[in-house]
Amino acid sequence: MNILYLTFVLPLLGFLLLAFSGGRWSENVSAWIGTGAVGLSALVTLWVGIDFFAHGQETEVLTLWTWMSAGNFTIPFTLVLDGLSLTMLGVITGVGFLIHMYASWYMRGEEGYSRFFAYTNLFIASMVVFSIG
């Protein structure tokens, strides 16, 4: 279960790679990075789902770090996985991967091809954090 953080880190890493490339890479490389990051995130979701059901569907809480601490008051960055968040995680990463696959063909030859994949990776990462964070 300790790999749950990869569901948002992989698309975020894809965003950073594509955003800082400035469109210098070919369309094939941009499509592979963008689609691959979301595809790997979907595979991690599948692995986390198998692990979730193998261990009795218990709610998992993974605290990554503390945002702020003042006396007894703390605000942690925590990921929570239960049945509903796993369902949403599967929808977000699964449909996101299919959208990336289709867009890699549909957007071919358009201006801002790499930027499109950078922004969609950022969107997927944000939605994953929204659903499990």
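The values are calculated or read from the model by the stated rules, or taken from the named source; none is laboratory data. This one's a predicted model, so the numbers in the text were calculated from it and none came from an experiment. Reconstructed Cβ throughout: ideal geometry from the backbone, glycine too, with neighbour counts over all protein chains shown.
Worth pointing out:
Yes or no, residue by residue, for (1) over 11 Å from the mean Cα position of the chain (by Cα); (2) within 25 Å of residue 56 (Cα to Cα); (3) assigned to a strand (DSSP E or B); (4) modelled with pLDDT under 95:
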{"position": "79", "(1), (2), (3), (4)": "yes, yes, yes, yes"}
{"position": "89", "(1), (2), (3), (4)": "no, yes, no, no"}
{"position": "93", "(1), (2), (3), (4)": "no, yes, no, no"}
{"position": "105", "(1), (2), (3), (4)": "yes, no, no, yes"}
{"position": "108", "(1), (2), (3), (4)": "yes, no, no, yes"}
{"position": "111", "(1), (2), (3), (4)": "yes, no, no, yes"}
{"position": "121", "(1), (2), (3), (4)": "no, no, no, no"}
{"position": "128", "(1), (2), (3), (4)": "no, yes, no, no"}
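- Taken over the stretch 99-114, residues that are surrounded by fewer than 16 Cβ atoms within 10 Å (Cβ to Cβ) and of a type outside the set (Asp, Glu) amount to 7.
- Options 13, 46; residue that is closer than 21 Å to residue 103 by Cα, of a type in the set (A, V, I, L, M), modelled with pLDDT of 95 or more and outside any strand (DSSP E or B): 13
- Taken together, 91, 44 contain a single residue that is touching a residue at least 40 places away in the same chain (Cβ under 8 Å) and either surrounded by 11 or more Cβ atoms within 10 Å (Cβ to Cβ) or of a type in the set (D, E, K, R) (or both), which is 44.
- Qualifying positions in the stretch 29-63 - more than 24 Å from residue 118 (Cβ to Cβ) and of a type in the set (A, V, I, L, M, F, W, C): 46, 47, 48, 50, 52, 53, 54, 61, 62
- Boolean, residue 32 is surrounded by fewer than 18 Cβ atoms within 10 Å (Cβ to Cβ) and farther than 14 Å from residue 101 by Cβ: no
- When 71, 23, 96, 49 are checked against the criterion of being more than 17 Å from residue 131 (Cα to Cα) and surrounded by 14 or more Cβ atoms within 10 Å (Cβ to Cβ), 23 stands alone in meeting it.
- Long-range neighbours under 7 Å by Cβ, at least six apart or interchain, first residue more than 9 Å from residue 23 (Cβ to Cβ) and in contact (Cβ under 8 Å) with a residue 24 or more places away in the chain within the stretch 100-115, second in a helix (DSSP H, G or I) and hydroxyl-bearing (Ser, Thr, Tyr): 100/35; 100/120; 101/35; 104/35
- Residue in the stretch 25-41 that is more than 19 Å from residue 14 (Cβ to Cβ) and either in contact (Cβ under 8 Å) with a residue 24 or more places away in the chain or outside any strand (DSSP E or B) (or both) present: no
- Of all residues in the stretch 68-77, one or more are closer than 23 Å to residue 19 by Cβ and outside any helix (DSSP H, G or I).
- Residue 62 passes every criterion in (1) in contact with a Ser or Thr (Cβ under 8 Å, 6 or more places away or on another chain); (2) among the aliphatic types (A, V, I, L, M); (3) not in a strand (DSSP E or B) apart from (3).
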